[in-house]
Amino acid sequence: MTDRPSERTPRPRAFRLEDADLGALAPERDRIVVESQPDVFAQPDDETRDQEEIVESAQKKGIVARSLMSWGGLFWSAAFGLVTLAMGLWFDSLLANLFARTPALGWIGVALIGALVLALLVLAGREVSGVLRQKRIGQMHIALARARETDDTAAARTLVRDLTALYASRPDTARARAHVLDLTREIVDGRDLIDIAERTLVMPLDQTVQHEIARAAKRVSVVTAISPRAIVDLLFVAAQAFRLVRRISEIYGGRPGMVGFLRLLRSVGAHLAITGGMAAGDSLVQQVLGHGIAAKLSARLGEGVLNGMLTARVGLSAMAVCRPMPFAAEPSPGVKDVAPFLFRSGEP
Amino acid sequence: MPLLSNLTQEAFIAARSLADYVGGTGLRLGVTGLSRAGKTVFITALVEALLAAGRPAAPGRRNPLPVFRVHAEGRLMRANLEPQPDDAVPRFAYENHLASLTGGEGGPDARHWPESTRRISELRLTLEFERKSGWRSGSSSLTLDIVDYPGEWLLDLPLLSKSYAQWSQETLEASAAAARAPLAADWRGYLKTIDPAGPASEDIARKAAELFTAYLRASRADKYALSTLPPGRFLMPGDLEGSPALTFAPLPTEGGSPSGSLAAMMERRYEAYKTHVVRPFFRDHFARLDRQIVLVDALSALNSGPAAVRDLETAMTDVLMAFRAGRASFLTTLFRPRVDRILFAATKADHLHHTSHDRLEAILRHLTARAIARAEGVGAEVDVIALAAVRATREASVRQGRETLDAIVGTPLPGETVGGETFDGAQEVAIFPGSLPADPRTVFRGDALAIPEGEADYRFVRFRPPVPQVDASGGFQPLPHIRLDRAIEFLFGDRMA
């Protein structure tokens with residue numbers, strides 16, 4: 001059909017399966033081996049799909065919640081508005097008083113209020129951009145999951161480009177970004193492209209995150225074991241968990257402010273509520289066992305282990321929710337992967 | 001006169017679509033494809049998949065349609081076959097077609113592809129589901145109307161805009177081309193002996209029509225796989241066989257057509273064919289589509305050679321020009337329905353390894369480039385996929401010596417040949433079909449037709465349907481497929497959000 005007789009392209013041909021079975025008798029050179037390949041159109045496991053659905057539903061409750069306006073939001077906005085009005089009145093009378101005393105004092109007051117308003121505006125702007133950024137990451141997660149599922153090459157290309165843009169300010173990802181960007185211009189199937197992006201770009205971040213979770217879990221379990229009062233370790237665990245969630249979001253490219261952090265916490269909480277119950281099944285035994293051995297040595301040590309596990313679990317939920325793509329090419333880590341020391345016999 | 005009939009037709013279409021709108025939420029799915037593109041198999045597989053999705057799932061079974069969102073999210077409650085709205089059209093024999101695919105009474109050995117479609121038929125399917133989007137949440141239903149018809153008839157649609165003289169000239173020119181000349185030799189020989197301006201004669205007309213039909217039939221044979229062969233009723237006459245509307249043939253019309261002459265009679269019959277056959281067919285079944293899937297059997301044309309591929313391109317472009325595409329709005333939905341989503345599917349994707357699917361899609365994209373550009377230009381959404389509504393093969397790698405080939409394993413139809421081997425229709429065989437070129441334009445270059453089996457770079461063998469798998473309860477498992485769920489999601493997933 002084409003004008004290249006010299007070039008050797010494989011010809012269309014057929015292999016009878018019984019010939020292949022008899023192939024063992026044939027000389028090595030002519031032996032035909034037919035090996036069944038894994039079915040690429042087979043459906044993904046229901047389990048991984050379920051995991052993904054939980055993450056997405058958790059994200060929709062917090063970071064990618066559709067409406068910015070809820071009854072709670074309305075309440076706080078109205079309250080905030082009233083307080084602002086009251087402050088305005090107060091400032092007004094304050095300025096009037098100052099000007100009445102000496103004009104110079106009045107001008108200083110004006111300058112201070114101006115600085116206050118400016119700072120407030122900048123803070124508010126940061127809040128909004130933080131919320132939007134986190135939302136964008138959440139939407140990217142959902143879109144990447146969809147593109148991977150449908151093997152949509154066009155969508156995968158734009159999404160992977162967005163992903164590299166997200167990490168454009170991280171010098172340590174430069175090489176991975178360049179590699180992935182090159183691939184978006186070549187013929188790579190959508191699903192493969194997403195997997196490659198996950199392995200090269202997101203996996204190093206995963207390792208950092210796992211390291212953070214491990215450190216937080218370790219700190220919590222040690223502090224709980226040696227803290228003199230229950231209230232101290234309660235506060236410490238809460239502070240560590242919040243700090244961990246914020247840190248994980250930052251590693252994955254988010255910049256949560258106050259509102260953004262609250263939305264993030266809502267998502268983490270939703271994820272934790274579902275997975276916590278499910279995980280109770282598979283690791284309850286370990287927990288009881290771990291607790292048992294530790295508790296034999298000391299009650300406080302056992303509590304330390306439990307608190308450490310709790311922290312690790314919070315960290316894993318935050319990881320699932322903040323990650324810009326679903327776990328697909330690599331398995332999602334469990335408590336045992338991030339904090340193996342909690343399961344070693346006895347010592348935390 | 002044509003203006004008047006066009007106007008009445010428009011009015012008729014507007015009235016019916018208004019009635020449809022008032023009648024309820026329906027979706028008319030146009031399954032478009034030339035003969036042997038796999039329309040009947042696609043419809044059967046689609047209906048079977050949707051019915052299976054509507055049944056309560058056996059625990060632990062994998063979802064066969066993961067990409068179909070409304071089902072994957074568990075919001076699809078029921079799928080029912082319903083009586084169709086048109087009383088005058090036969091029902092699509094879904095049960096019979098499914099029985100032939102699975103072997104039915106005769107057991108798995110009797111399985112075969114459904115016979116080619118000889119008449120029009122229709123099916124209505126209702127999907128009950130729950131909406132999740134905002135203000136319209138709650139239970140809802142979507143009615144799907146699907147029409148099956150002989151693909152040959154589709155070739156008639158371009159005739160609507162052609163006069164007899166124009167059509168004659170085009171047909172005569174095409175039959176003189178290198179690829180077709182040998183096939184048309186008999187008919188063209190006879191044509192030289194008759195005088196278009198001579199007196200009308202039924203005998204001559206019949207003889208000319210017979211030879212013309214023979215030429216069309218020969219061109220369609222598997223070996224040549226040509227596609228642009230109007231009028232379609234000559235190939236598949238339905239219940240009009242032998243009627244005057246089907247007894248005409250193109251004539252050279254340079255001499256004009258004085259009244260009473262043979263040419264005048266032919267012209268009158270051609271116009272009658274358009275009025276009584278083509279226009280009602282178009283008006284009743286194609287003018288009011290909401291979504292369209294265009295099935296293209298690119299593999300047969302690729303088997304035959306570049307001339308057949310280009311012929312397929314011409315046929316598809318001509319046919320698709322007859323449809324109305326464009327973004328749907330409220331008013332257009334009321335009075336002038338438009339196709340706002342078109343899916344181009346290269347069927348029989350299971351006949352090659354999945355690593356070649358990208359190349360097949362590229363070829364299809366190139367093949368339908370003009371239709372795609374036109375649809376996208378007016379705001380319709382377009383997607384191109386490689387599809388196998390029923391998957392007849394599985395994949396394997398074959399190692400011989402130092403060479404490793406990506407092959408497919410299946411049972412070829414009896415009589416199929418590859419690499420000098422002919423199959424008996426019972427043995428399972430691993431087949432390496434060759435590789436498609438990386439540059440889709442390559443397959444359009446050249447004039448070769450009916451390339452002998454030993455010379456082609458690729459050869460796609462047709463397979464028998466897959467052996468049906470029986471599940472624990474004794475029923476059949478859903479038929480395997482490739483990307484059917486993606487097609488479903490694209491075609492009407494958005495209407496079930």
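Remarks
- The range B:416-441, subset within 10 Å of chain A (Cβ to nearest Cβ) and of a type in the set (D, E, K, R), residue farthest from the chain's Cα centre (by Cα): B:421
- The residue that is surrounded by the most Cβ atoms within 10 Å (Cβ to Cβ), counting only those in the range B:448-477 that are under 25 Å from the mean Cα position of the chain (by Cα) and farther than 25 Å from residue B:424 by Cα, is B:449.
- Candidates are the residues of the range A:69-119 that are in a helix (DSSP H, G or I) and β-branched (Val, Ile, Thr); the one that is farthest from residue A:259 (Cα to Cα) is A:108.
- Residue in the range A:285-304 that is modelled with pLDDT of 70 or more and outside any helix (DSSP H, G or I) present: no
- When B:387, B:413, B:360, B:364 are screened for being in contact with a strand residue (DSSP E or B) (Cβ under 8 Å, 6 or more places away or on another chain), more than 9 Å from every other protein chain (Cβ to nearest Cβ) and surrounded by fewer than 22 Cβ atoms within 10 Å (Cβ to Cβ), only B:413 passes.
- Evaluating residue B:488 against the criteria (1) in the same structural domain as residue B:143 (by TED's automatic domain parsing); (2) in a strand (DSSP E or B); (3) among the aliphatic types (A, V, I, L, M) leaves one unmet condition, (2).
- Flag if residue B:53 is within 14 Å of chain A (Cβ to nearest Cβ), at pLDDT 80 or above and part of a helix (DSSP H, G or I): yes
- The set of residues in the range B:235-246 being in a helix (DSSP H, G or I) and either within 16 Å of the chain's Cα centre (by Cα) or without any contact (Cβ under 8 Å) to a residue 60 or more places away in the chain (or both) consists of B:235, B:240, B:244, B:245, B:246.
- Residues that are in contact with a helix residue (DSSP H, G or I) (Cβ under 8 Å, 6 or more places away or on another chain) and among the small types (Gly, Ala, Ser) within the range A:299-319 comprise A:302, A:304, A:308, A:312, A:315, A:317, A:318, listed in sequence order.
- Scanning the range B:195-207 for any residue that is in contact with a strand residue (DSSP E or B) (Cβ under 6 Å, 6 or more places away or on another chain), assigned by TED's automatic domain parsing to the domain that holds residue B:162 and of a type in the set (A, V, I, L, M) turns up at least one such residue.
- Residues of the range B:445-466 that turn out to be farther than 11 Å from residue B:303 by Cα, more than 11 Å from every other protein chain (Cβ to nearest Cβ) and modelled with pLDDT under 90, as a count: 1
- Scanning the range A:149-186 for residues that are charged (D, E, K, R), in a helix (DSSP H, G or I) and either modelled with pLDDT under 85 or over 23 Å from residue A:318 (Cα atoms) (or both) yields a count of 7.
- Any hit, the range B:417-428, residues being within 25 Å of residue B:358 (Cβ to Cβ), loosely packed, with under 15 Cβ neighbours inside 10 Å, of a type outside the set (S, T, N, Q) and modelled with pLDDT under 90: no
- Selected residue (criterion: surrounded by the most Cβ atoms within 10 Å (Cβ to Cβ)) from residues of the range B:130-181 that are in a helix (DSSP H, G or I) and in contact with an Asp or Glu (Cβ under 7 Å, 6 or more places away or on another chain): B:164
The values are calculated or read from the model by the stated rules, or taken from the named source; none is laboratory data. All figures in this text were calculated on a predicted structure; none of them were measured in a lab. Neighbour counts run over all protein chains shown; Cβ positions are idealised from the backbone, glycine included.
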